[in-house]
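The block underneath contains the structure these notes are about, expressed in structure tokens.
The values are calculated or read from the model by the stated rules, or taken from the named source; none is laboratory data. Just so you know, these numbers come straight off a predicted model, no measurement behind them. When we count neighbours, we look across all protein chains shown, and the Cβ atoms used for this are built from the backbone with ideal geometry, even at glycine. Each accessible area value is taken on the protein alone, full model and side chains, heavy atoms only, with ligands, DNA and RNA left out. Shrake-Rupley method; radii C 1.70, N 1.55, O 1.52, S 1.80 Å.
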Amino acid sequence: MVQIKPFKAIRPNEAAAKEVASLPYDVLNSKEAREMASTNLKSFLHIDKAEIDLAEDQPPYAKEVYQKAADNLKNFIEKQWFQQDTTENFYIYQLIMNGRPQTGLVVCTAVEDYLDKKIKKHEFTRAEKELDRINHVDTTDANTSPIFLTYRENKTIDEVVNDWVAHYEPVYDFSSFHDVRHRVWVVDREETIEKLVALFAQKVKCLYIADGHHRTESAVKVALKRRAQFPNAPVETEFNFFLSVLFPENQLSIIDYNRVVNVPIEPDYFERLAEAFTVHNKGVVPYKPKTAKTMGMYVAGQWYELKVKPDIQTNDPVKGLDVAILQDHILTPIFDIQDIRTDKRIDFVGGIRGLKELADAVDSGEFSVAFAMYPPTMEDLLAVADSGEVMPPKSTWFEPKLLSGLFIHPLETDKQTAEKEK
């Protein structure tokens, strides 16, 4: 079973919350972040992507960027845009998009649970992106962005969370980015906190990373580094825990994560496609797949439906995914794209941007072909994680996005940890 722990969050004052809250650092590039935060001094992007406050030619992974993030965090606190709670609390974070709510519990989860595989992953990570967040966490002494975790539905936990939402007023309630409503409650009753800790310890066998694999790996590696530095630090030391938001899996929705590819389209391309797919021309009308084992393709101004032939379908939890079928029967054999994590000829477009983004990418000449994918289900994700396997990179795109800046989990400074060791 899993451990959860309350914590003293650093969070915005109520008046500043909407201005502070930002999209996650990893869904924006530096240029987009710079533009978004240019007229908003309170945007959390000044902390999460601090290169926006330095020269435009400053490398985003330079040590000066991480020091700027730490300085900006200190500045936000000094200006009282941020405050730290004086008691250890849980928090409830509800997001409502298109009338559909998802309600999560904001907690600290245990590094030990990840090492013991009680927190399960479904993707590999990239070393340079891990190192970025390691440096960010280490320099700011904080988990600045929450990790998005899920668990199999438990009605008793739902009742506790829903009861709190029904009887208490939220401390934040605002709409932002794609008209998503964000509401936050502070759970500060000791009896309720203890009940939730016990329920997760007794009823939840494992947690699953929905989004935030790099943040998880980075938090764990910072913890291991500090354990080596402070071998006598107590187990409850803050670096042994990391900031997470836990949602029951039945409330979550995965949307498509699409592909655009820049490769020459050879004369025998459609003939080779026909080996694994039934191909139907849909003309200029954008085609969005409605079922699994079907994908859309846009090339040379035309949309096509690609239906996976029955003889190549499989019940394997990984190879049966549409993104894996695309990889195994188009990207690798036809385009010679072996590793989509490193190959510069492929890029990825979250479904929230719509099919027009795919067509525009091809029509501009930057890419030659685009693929509109049918998303995996939550059960697909859990099955892959339970099998100990991983999905192909960029398989899942979750909406709505958890905003950054609403909760920060401060780690203890070296001086504080050294005092504890005594």
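Quick notes on this one:
- Gln313 sits among other residues whose Cβ lies under 15 Å from its own Cβ, and their net charge, with Lys and Arg +1 and Asp and Glu -1, is -2.
- Tail beyond 18 Å, pair distance distribution of the stretch 189-261 (Cα, percent): 62
- Calculated on the alpha-carbon coordinates, the convex hull of the stretch 1-89 measures out at 133 cubic angstrom per residue.
- When the chain is treated as a GNM with alpha-carbon contacts under 10 Å, the residue of Asn75, Asn29, Asn258 showing the greatest mean-square fluctuation is Asn29.
- Tyr374 exposes around 70 Å² of accessible area when a 1.4 Å probe is run over every protein chain in place.
- Other-chain or far-sequence residues with amide H under 5 Å of Met391's (modelled H): Glu123
- Residue-wise HN-Hα couplings along the stretch 121-138, as the Karplus relation 6.51 cos²θ - 1.76 cosθ + 1.60 with θ = phi - 60° gives them from phi, are 9, 10, 9, 7, 10, 10, 4, 5, 6, 4, 4, 4, 6, 4, 5, 5, 4, 5 Hz; Gly and Pro carry x.
- Radius of gyration over Kirkwood radius for the chain, both on Cα atoms: the Rg/Rh ratio is 0.98.
- Of the trypsin sites (Lys or Arg not before Pro) found in the stretch 273-331, those that fall in a DSSP loop while having at most 13 other beta-carbon atoms within 10 Å are Lys290.
- With a 1.4 Å probe rolled over the protein heavy atoms of all chains, the accessible area of Glu64, Glu366 falls in the order Glu366, Glu64, largest first.
- Working note: Karplus 6.51/-1.76/1.60 with θ = phi - 60° gives the stretch 144-149 the couplings 8, 10, x, 8, 8, 10 Hz, where Gly and Pro are set to x.
- Max mean-square fluctuation residue, GNM over the chain, Cα-Cα springs under 10 Å, options Leu41, Leu321, Leu196: Leu41
- Choice from Leu105, Leu331, Leu403 with maximal GNM fluctuation in the chain (Cα, 10 Å cutoff): Leu331
- Cα pair count fraction exceeding 16 Å, expressed as % - the stretch 72-165: 73
- Placing one equal scatterer on every Cα of the stretch 124-230 and applying the Debye formula, the log10 ratio I(q)/I(0) at q = 0.10, 0.12, 0.20 Å⁻¹ is -0.44, -0.63, -1.18.
- Antiparallel content of DSSP bridges confined to the chain, in %, to 5: 90
- Phi-based couplings in Hz for the stretch 323-337 (Karplus 6.51, -1.76, 1.60; Gly and Pro marked x): 5, 6, 5, 4, 4, 6, 10, 10, 4, 7, x, 9, 9, 6, 8
- Kirkwood-type radius of the stretch 174-310, with distances r between different C-alpha atoms, in Å: 20.9
- Solvent-accessible surface (1.4 angstrom probe) belonging to Arg181, in square angstrom, nearest 10: 90
- Pairs of Lys residues in the stretch 147-226, spaced 8 or more positions apart or belonging to different chains, with C-alpha separations under 19 angstrom: 5 in total.
- Distribution of pairwise C-alpha distances over the stretch 285-398, 5 Å bins, in %: 2, 11, 21, 24, 23, 13, 5, 1, 0
- Reach of Lys288 by Cα under 16 Å, taken over aspartates and glutamates that are not fewer than 8 positions away in the same chain: Asp256, Glu305, Asp322, Glu357, Asp360
- The amide H of Val349, built 1.01 Å from its N in the peptide plane, has Asn258, Arg259, Val260 as neighbours under 5 Å, considering only residues 5 or more places off or on other chains.
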